[in-house]
Every structure is written in C-alpha cells, then in structure tokens.
1. Hey, got the Cα dimensions of the stretch 2-288 along the principal axes, in Å, largest first?
2. Convert each backbone phi in the stretch 74-81 into a coupling constant with the Karplus relation 6.51 cos²θ - 1.76 cosθ + 1.60 (shift: θ = phi - 60°), then list the ³J(HN,Hα) values in order as whole Hz, x for Gly and Pro.
3. What percent antiparallel are the DSSP beta bridges of the chain, to the nearest 5?
4. State which entries of 22/182; 146/297; 221/259 exceed 25 angstrom in Cα-Cα distance in the structure shown.
5. Given the DSSP H assignment, sum -39500 (n - 2.57) over each helix run of at least 4 residues in the chain and divide by its residue total; what's the result at 222 nm in deg cm²/dmol, nearest 500?
6. If you look at just the Cα atoms of the stretch 148-306, how large are its Rg and its Dmax in Å?
7. Using only C-alpha atoms and all pairs of different ones, pull out the Kirkwood radius for the stretch 167-230 in Å with one decimal.
8. What list of ³J(HN,Hα) couplings, whole Hz, do you get for the stretch 130-138 from phi and the Karplus terms 6.51, -1.76, 1.60, once you set θ to phi - 60° and write x for glycine and proline?
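Rule-based calculations on the coordinates, nothing more; no lab input. From a predicted model like this one, the values you see are computed outputs, not experimental measurements. Cβ atoms come from the backbone with ideal geometry, glycine included; neighbour counts cover every protein chain shown.
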Amino acid sequence: MAFKNSAALSTWTYRAMYGAVKILSWIPIRTAQSVGRIFGRLMGRLLRRRVASSLENLRYVFGHAMPESELIALNQRIIGHFGRMIFEVPHILRLSPNNLDRYVTFQNEEVLIRALEKGKGAFILTGHFGNWELMSAATALRLGAKNAVVVRPADFEPADRLLTRLRSRFGTEIIPKRRAMKKLLSAEKENKVIGILLDQNVDWYEGVFVPFLGKPACTNKGLALAAARTGSPVVPMFSVRQPDGRYRIIFEDEVALDKTGDKIRDIENNTLKFTRIIEKYVKAYPDHWFWFHKRWKTKPYCTLDA
C-alpha cells in the first residue's frame, strides 16, 4: 500500500511540475528572460549554500588575479544567467521550425553535416554552458539527425521524468551515464549524433587528470576511448547568449585527435584537447558556466595518516 501511495505521489508531483513548465512556456521569451533575471537574484538570496559554492570555485580559479568585489559581481551575473535559463527551458515545448530563429541562431552548422557525411556518426563535445538544454533541443529540431545525449539521471524521480520528456521532445535518445559506453560505440554503426558534456568531476578510476582553468581536474575519459575505437569525429558545440536574448549555437571544426598507437597517452592527450576547448569558452564567457558543481573534488593525490 505504501509503495502504491509513493508511486501515485511521484506521478502527481510529475504532473504538477509538467503543468507548471507548460504554463511558464506561454510567457513570451523576452519577458521570461527578464523575470528569470529577477528570479535569479531572489534565489541567490535564498540558496546561500549554492551561491557560496560557486563563489568558492571562482576564488579557487581567479582569486589570485581578481579582487573580491569583482568575484562577487561575477557570481551575481552567473546566478542571473541561470535564473534566466530556468525560464527559458520551458520554451522547448514551444519550439517549432517556424519560430526557431526567435530563440537561436546557428554558426558553422555545416561542420556537423560534413562530419555525418563520413558515415561514422559524430560525438558532440560540450558542457554545462550557456543553455545546453535549449541548444540540444534546437539542434535536434534543426538538423533532424539521429540524436542522443549522455546524462546523469536526476536524483528526484519526477524531475528526471520531466527532464527526459523535454530532452526527448524532438526524438533525442537519453543515454544514462552508467550504461553509456555500449551506446557510444554504436554511434558509428547507426550514424548517430551523441552529445557528451565533459565538464564535470568524476572519480579517479573513471577519468584522467588534466589541467582545467589552471587546476588539475579529473575528467571522464569515455569520449576519448569511444572516439578512438569508433573513428567517429568529435565536433565541439556551445551556445552563447547574444545581446538580443537569443543564443548563438556555435559548431567548431572537428577535433584533430592524436592517434600515435600509444593508447594511454592518446587518451590523456585527447582528453586534454577536449578540456582546453571547454576552457576556452569558460574563460571567454565565465558567467555562462555552471560554477555550482564541485569540478575539482577528486584530487590527484591522497594523504595518509602517519
């Protein structure tokens, strides 16, 4: 009986959340962005622990070169950006071929088209940057290719169900992170586009340590492994907010991968290449990146008690 009640509560919670998202999607996008900016400021005052975590990361990276007042101001811009993002994501429900240019513009999309012409699929290299959810949905709608994205399921089941519905709206397959490698290796056979967000911390046995923003960061080696095994091209893609409120979705040239025959070295060098590309965007648009994550949690050493 308790199980049935729990399942029913989860279902009703999901329905309530989806209803709220649907209502938010009807707010005109520019109005939604303005409201989101105000909402971000409010949440910044309420969620002090999150605000503190992002500010600590900023201090860790920029503290030697940026005064505290500038760090605090940058942190406020970060909070404002993600406040707007919360009100932008519901508009995935409103996206259509007729209104896509109201939300995004595309730069160098022919890079991905050429990559797919090789018949080996493609891996999209990106991160928690800009509005990655809107970017993924808009790209799936625009290109109409077989799409998939590797995600870590949300801990709260109704939220995970809601995100899955939004992410798969235009046919994108959702690949849980824990079972990702088998799916990644299928990219070549199915000529599929698979998005991988490579900017989060992993445990030492899942990754390799490469410098990110001047600090050693344990980075998932799965993309380097899959690209080496399949020969599928890796195409970077990022979204940058423009003055008019739209996002510019940028495709960069295919990454030239190291293929020396030394498997371990190639994995390390290619993971470093991927990380440097993400780093370039974070340095150029620091308010666009998700600084709330504990990116440098895993350390490249351990200390033993005497």
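1. Computed over the Cα atoms, the extents are 53, 47, 46 Å.
2. Once rounded to whole Hz, the list reads 5, 4, 5, 5, 5, 4, x, 4.
3. Given both bridge residues lie in the chain, the antiparallel proportion sits at roughly 40 percent.
4. Violating the 25 Å Cα-Cα cut-off are 22/182; 146/297.
5. Dividing the helical sum by the residues of the chain leaves -15500 deg cm²/dmol.
6. That works out to 16.7, 59 Å for Rg and Dmax.
7. Mean inverse Cα-Cα distance, inverted, gives 13.1 Å.
8. x, 10, 5, 5, 5, 4, 4, 5, 5
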